[in-house]
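See below for the structure under consideration.
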């Protein structure tokens, strides 16, 4: 019995010591700084991309800054150093961008004092760029514009999206300018900086705004101001970043940035939307198929609301319903069209829809050429008697053409009218 008790005691002591050792081991915790001056804790083996880590992918220069050094061979890079490069974490997206894009314009980048700025933006994106590429809050301008596809685009990281935009921007600048090399440094900078205001940490305190372009501009200015030298065009770059979601901006670089951004979004949606393919409007839109879908709701009410009504040989269609019907057809065909991605493009989409309907002679002659909608007075007998007819906007279509294409007789359309629709009258304003 005594031997058994001693044995149990020794086993218990051994287990206790083992557990003590395990508990006493603390996980490796790395502390690192990311811009601006805030310290974060990261329980991971990954470290921040430091300036010296870019040596393996950045380009060396001679004293004149004109000649380019070859990359170090992979074997010459230490295991620990290679392990610390965040470019490996993102499948080499940064490395590819630097070697394939920045490398070609390193002379212009250096002579325009943009090298350090681009390095800092790359470090900044590497540190922060794992967040979603869309702002979730509706208060942000782009978030509202992309609300219908935000879940898809949230799967794309900010870093990935930024590099997509930068690559598109470089191609657009090449095609647009006769001397693109001199434009490239600024084009690269505004591409890298245009969305850094989406980082969640910057939506509080001194950056208490939902509109990410404003924050992006502030952060670009802060990064540039900490450098010993900065490009002569930095103020223009700041303005381009601030205005890249505004409408009516004439600046060519801003327009190219918008186009590069939208091209990137379309490709990202293709990657994140199963079964859909990209196509331009005229490739997928069939006006006759469209009218057959539209016809289902002509003279139909839902909770005293209606989308399209016939009156004296005309089908009066609400513009928003015209748009939604086209979007229904688009989904049926599993197509991604940039006109139906951004909410701010609704008017452009309507223009294309009306153009297509004109080609099959469906639009009423009362709608002037080049116009999308027309204003009318809408009244019931009661409101007309009281002089309170409301002004509303419609797209007027020829009832006989709609009837012929859809196979629904005019008499059948009229039979659908009931209640409110029986007494509505529509007159040109």
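The values are calculated or read from the model by the stated rules, or taken from the named source; none is laboratory data. None of these values were measured; they are calculated from a predicted model. Note: ideal-geometry Cβ built from the backbone for every residue, glycine included; neighbour counts use all protein chains shown.
Here are a few things to note about the model shown:
- Within region 185-202, tally of residues that are crowded, with 24+ Cβ neighbours inside 10 Å and part of a helix (DSSP H, G or I): 11
- Filter result for residue 257 (within 19 Å of the chain's Cα centre (by Cα) and assigned by TED's automatic domain parsing to the domain that holds residue 168): yes
- Sole exception among (1) at pLDDT below 95; (2) crowded, with 17+ Cβ neighbours inside 10 Å for residue 104, by number: (2)
- When residue 423 is tested against (1) under 23 Å from residue 304 (Cα atoms); (2) touching a helix residue (DSSP H, G or I) at 6+ places or on another chain (Cβ under 8 Å); (3) modelled with pLDDT of 95 or more, just one condition goes unmet, and that condition is (3).
- Which numbered condition residue 331 fails, given (1) touching a helix residue (DSSP H, G or I) at 6+ places or on another chain (Cβ under 8 Å); (2) under 26 Å from residue 277 (Cβ atoms); (3) without any contact (Cβ under 8 Å) to a residue 60 or more places away in the chain: (1)
- Against the list (1) without any contact (Cβ under 8 Å) to a residue 60 or more places away in the chain; (2) closer than 29 Å to residue 416 by Cβ; (3) touching a helix residue (DSSP H, G or I) at 6+ places or on another chain (Cβ under 7 Å), the condition residue 319 fails is (1).
Okay, residues lined up against (1) crowded, with 20+ Cβ neighbours inside 10 Å; (2) at pLDDT 55 or above; (3) out of contact with any helix residue (DSSP H, G or I) (no Cβ under 8 Å at 6 or more places or on another chain); (4) farther than 24 Å from residue 189 by Cβ:
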{"residue": "147", "(1), (2), (3), (4)": "no, no, no, yes"}
{"residue": "151", "(1), (2), (3), (4)": "no, yes, yes, yes"}
{"residue": "162", "(1), (2), (3), (4)": "yes, yes, no, no"}
{"residue": "168", "(1), (2), (3), (4)": "yes, yes, no, no"}
{"residue": "174", "(1), (2), (3), (4)": "no, yes, no, no"}
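- Here residue 366 clears all of (1) more than 34 Å from the chain's Cα centre (by Cα); (2) surrounded by 15 or more Cβ atoms within 10 Å (Cβ to Cβ); (3) in contact (Cβ under 8 Å) with a residue 24 or more places away in the chain except the condition numbered (2).
- Filter result (touching a helix residue (DSSP H, G or I) at 6+ places or on another chain (Cβ under 7 Å), part of a strand (DSSP E or B) and modelled with pLDDT under 95) within region 366-402: none
- Region 219-237 - residue that is in contact with a helix residue (DSSP H, G or I) (Cβ under 8 Å, 6 or more places away or on another chain) and assigned to a helix (DSSP H, G or I) and, of those, surrounded by the fewest Cβ atoms within 10 Å (Cβ to Cβ): 236
- Set side by side, the residues 218, 188 differ, and just one is closer than 23 Å to residue 120 by Cα and in contact (Cβ under 8 Å) with a residue 40 or more places away in the chain, which is 188.
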